[in-house]
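So the structure is just underneath, and the comments pick up after that.
Every read-out reported here was derived from the displayed coordinates using simple, explicitly stated rules and does not represent laboratory data. All values derive from a computational prediction rather than experimental measurement. Cβ placement follows ideal geometry from the backbone for every residue including glycine, while neighbour counts extend to all protein chains displayed.
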Amino acid sequence: MTPTQTLAFPIADINQQAVTLCSAGQFAAALAMVTPLLDDRTLPDDTRADALNIAGACSFALRNVADAERHWRECLRVKPTYAEVYGSLGALFRSLGRLSAAKAMYRQLVALQPHRADAHHHLGAVLYGLGYKEAAEASYRHALALRPDYAEAHYNRGIVLRDLRRPQEAEAAYREALSGLHDYAEVHNNLGSVLVELGRHEEADAAYRQALSIRPQYPEALNNLGGVLKTAHRFVEAELACRLALTIRPDYAQAHLNLGAVLVDLGRLSEAEAAYREAIACRPDYAEAHYNLGIALFRQERLVDAEQAYREAIRWQPGIAHAHNNLGCVLRLLDRFPEAIEAFQRTLEICPDLAEAHFNLASALTRSGQLHEAERGYREALALRHDYADARFGLAALLLGLGRFDEGWQLYESRYGQPSFVHHQTRALLACPQWQGDTLAGKSLLVWQEDGLGDMLQFSRYFALLKAQGATHITFACAPALHRLMARVDGVDAVLDHVAAMARASSYDCWTSLLSAPFYLRTTLDTIPCAVQLPVDPALVEQWRPMLDALAPCRKIGLVWKGNAKHHNDANRSIPSLTTLAPLWRVPGLSFVSLQKGLGEDEARDPPDGQPLLDLGAKVTDFADSAAIVAQLDLVICVDTSIAHLAASLGKPCWVLLPERDPDWRWMHERDDSPWYPDALRLFRRAPGEGWSASVERVRQACAERFGAAPPHAHQLDTSVIEKPSHPFEPTV
């Protein structure tokens with residue numbers, strides 16, 4: 001008998017005893033027992049392979065992974081069909097993050113034992129780790145075909161299906177997993193996340209709570225529950241859930257992020273900022289936290305800080321389209337339009353279908369004077385979202401400013417579709433139908449002021465035209481400051497304040513806005529009606545005359561340098577200080593009268609040295625007073641405010657200083673006159689990069705040219721504008 005034959009039984013017994021020791025956790029003893037057999041090439045291949053497999057398992061258990069790999073590889077060299085070892089090496093490589101090597105091992109295992117469900121399951125896990133999600137899903141599905149009740153495979157398949165954006169199938173997979181893993185909190189948590197994606201938030205809430213009933217100290221489930229509660233506007237509970245998650249895991253970056261989002265909803269912006277900064281402290285490369293921090297800072301009007309936060313978000317994740325878009329919004333508010341345009345263009349490179357970015361780009365291009373490119377941007381936004389009211393309104397203003405009234409007026413009606421506009425509320429307030437351009441013959445009409453005082457003066461020319469459409473009675477609901485003046489305008493039968501008019505609204509056949517009249521009456525650039533001849537009360541003229549006559553016998557110039565501070569563009573359209581107008585005082589033969597109301601009145605009461613100024617603006621009570629004063633002046637110089645429309649409607653020369661940024665569409669584009677007031681109004685536009693002082697200097701030169709050589713004279717009031725016209729105005733053709 002050969003030595004091998006003599007030792008065969010004892011060696012097999014050694015391997016069996018080593019297996020027993022392994023089962024008892026005595027890995028070092030088991031390894032020592034099989035070590036003498038590892039290099040004995042006289043042993044049968046199967047016997048030596050078993051010893052090598054045992055040695056590999058013991059080394060792996062003892063965390064000697066290099067030895068484990070060496071033993072298992074030698075085992076496969078000795079016995080290439082040893083299926084169990086392929087599985088062991090696959091697990092070893094997977095634990096080391098060597099997923100490609102693990103994949104090769106599991107594929108060998110599947111090839112050797114295709115009916116092993118766990119082999120397909122492990123292969124699926126490795127494929128998922130490598131990013132091969134479709135292949136991973138197929139492997140899990142194969143495992144389930146072999147073992148339909150394989151709960152772990154259902155669970156892992158659910159994870160893959162969610163990643164593949166197949167949430168209905170993912171839900172089904174998680175519910176199958178629950179049959180075997182009902183006490184597994186992760187399954188309930190993941191099911192909740194899928195239910196959130198499916199919009200079934202109440203069921204998601206229940207799933208997260210079930211996960212927490214199994215494992216109360218489960219920060220992920222608490223964080224996710226906070227998200228569901230936020231969606232349900234249960235902000236106080238959402239805050240509590242996020243804070244509990246952070247109590248368990250203080251460095252949980254996502255919970256800090258979600259807490260910040262809840263605090264933003266609660267209006268606690270400084271606390272939200274702190275939460276986002278905590279998230280960033282936990283994960284400096286957390287792009288979403290930088291982005292959300294930018295939102296919180298933007299809402300606090302800390303634009304420079306918001307810019308930095310958005311730039312950090314982009315640095316860590318350049319593909320966040322909304323970060324580029326929001327950065328552009330910040331840059332636009334900082335008047336850095338070339339950079340804003342670049343940011344919006346980058347947004348559209350990433351996400352060409354983002355309608356908001358097209359709109360924002362168009363707005364920035366408009367304010368940069370690139371009008372045709374802006375029109376294209378507005379139209380792109382509307383092509384993507386037909387009901388985009390902001391884009392419709394922006395395009396309307398652009399077209400009206402370009403004189404393209406046919407389309408512009410129609411689009412301008414979109415203001416009624418914008419919840420942020422006061423116009424949106426009017427339809428609900430008034431208990432009568434809105435006029436849609438149908439016949440007014442025999443009807444009573446309520447004209448409702450929704451827009452500014454200057455708008456009412458500019459478009460009051462339409463009262464006579466509305467009356468000419470056959471309206472039997474027209475009531476104008478407007479601000480008290482307009483009442484005395486508008487009560488005498490041709491076409492107006494009665495003037496009420498808004499409260500009184502709303503109480504009587506049901507008694508009218510219909511209502512309209514003055515700014516809708518150009519649309520329904522089909523006004524074009526060539527058919528703009530003549531300005532209304534605003535009536536001036538002779539008694540008020542006489543009331544104000546003594547104060548004006550007290551000035552030296554020279555030209556009298558009215559001044560307004562600030563508009564309503566609540567106007568969206570007031571920061572650009574108002575002149576910062578009366579001192580900016582100082583050069584006008586160098587023109588000889590002029591006296592100046594302040595028509596300034598509200599903000600800026602204090603400057604008129606105490607003008608700078610060398611700028612004598614008669615302050616009347618603070619004394620007027622309404623536009624009837626203002627009209628009586630303006631009627632006795634030679635010229636009005638003002639910024640874009642209601643006095644410009646008053647003066648021009650009275651036929652008085654009026655020079656308007658317009659801002660560089662965002663001039664109102666009513667002044668059109670790139671012209672120094674106005675078709676709305678062709679004989680009375682002159683525009684002085686700030687050029688790009690130009691300060692107010694340059695515009696004022698041009699006005700000074702114009703004053704010198706107009707008045708410098710003319711002798712002063714006593715002003716004579718033209719009383720022909722006092723009487724109301726006996727017939728309605730017609731559009732000029």
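Key figures
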item: Segment D622-D609, extension gain: residue separation times 0.36 nm, minus the distance between their alpha carbons; result: 1.7 nm
item: Segment 172-178 - phi-based ³J(HN,Hα) in whole Hz, Karplus 6.51/-1.76/1.60, Gly and Pro as x; result: 4, 5, 5, 5, 5, 5, 5
item: Environment charge of Y106, counting only residues whose C-beta is closer than 14 Å and scoring Lys/Arg +1, Asp/Glu -1; result: +3
item: Quarter of the Cα convex hull surface for segment 523-644, i.e. its orientation-mean projected area (nm²); result: 9.2 nm²
item: Cα-derived Rg over Rh, computed across segment 319-417 with Rh taken as Kirkwood radius; result: 0.98
item: Whole-number percent relative contact order across segment 601-703, with pairs defined as alpha carbons under 8 Å at least 6 apart; result: 18 percent
item: Whether segment 168-221 is rounded, prolate or oblate, judged on the alpha carbon gyration tensor where a/c under 1.5 counts as rounded; result: oblate
item: Rg ratio (alpha-carbon, reference 2.2 N^0.38 Å) - segment 505-576; result: 1.77
item: Computed lengthening from R706 to H115, 0.36 nm per intervening residue step minus Cα-Cα distance; result: 202.6 nm
item: Cα coordinate range in the chain, projected on the principal axes (Å, largest first); result: 145, 58, 44
item: Sites S507 and H424, calculated FRET efficiency, Cβ-Cβ separation with R0 30 Å, nearest 0.05; result: 0.80
item: Tally of Lys pairs whose C-alpha atoms are under 17 Å apart, taken over segment 538-721, 8 or more apart or cross-chain; result: 5
item: Kirkwood Rh, Cα atoms: Rg over Rh of segment 538-721; result: 0.93
item: Globularity index of segment 3-215, i.e. its alpha-carbon radius of gyration over 2.2 N^0.38 Å; result: 1.26
item: Span from the segment 580-655 Cα centroid across to the segment 115-163 one, whole angstrom; result: 81 Å
item: Whichever aspartates and glutamates have a C-alpha closer than 15 Å to that of K443, once near sequence neighbours (fewer than 8 apart) are set aside; result: D493, D509
item: Cβ-based net charge around P419, under 13 Å, with every Lys or Arg adding one and every Asp or Glu removing one; result: 0
item: Global geometry of segment 604-671, whether rounded, prolate or oblate, following the gyration tensor of its Cα atoms and the 1.5 cut on a/c; result: oblate
item: Rounded to whole Hz, the Karplus (6.51, -1.76, 1.60) HN-Hα couplings of segment 48-59, x for glycine and proline; result: 5, 4, 4, 4, 5, 5, 4, 4, x, 5, 5, 4
item: Global form of segment 47-130, assessed from the alpha-carbon gyration tensor, a/c cut-off 1.5; result: oblate
item: Once the Cα gyration tensor of segment 430-523 is diagonalised, semi-axes √(5λ) in Å; result: 17, 16, 12
item: Residues H473, H645, sorted so that the one with the fewest Cβ neighbours within 10 Å comes first; result: H473, H645
item: Charge sum, other residues only, whose C-beta stays under 11 Å from E220's C-beta, Lys/Arg counted +1 and Asp/Glu -1; result: +1
item: Between segment 322-379 and segment 511-529, the alpha-carbon center distance in angstrom; result: 31 Å
item: Per residue convex hull volume, Cα atoms of segment 567-606, in Å³; result: 86 Å³
item: DSSP beta bridges in the chain [antiparallel fraction, %, rounded to 5]; result: 5 percent
item: Stretch gain in nm, segment D602-D493, where the contour uses 0.36 nm per residue and the Cα spacing is subtracted; result: 35.5 nm
item: Selection of trypsin sites (Lys or Arg not before Pro), segment 648-707, meeting DSSP coil and at most 12 other Cβ within 10 Å; result: R671
item: CD proxy at 222 nm, helix term only [per DSSP H run n ≥ 4: -39500 (n - 2.57); per residue of the chain; nearest 500]; result: -17500 deg cm²/dmol
item: FRET E, pair R63, V236, Förster distance 56 Å, beta-carbon r, rounded to 0.05; result: 0.70
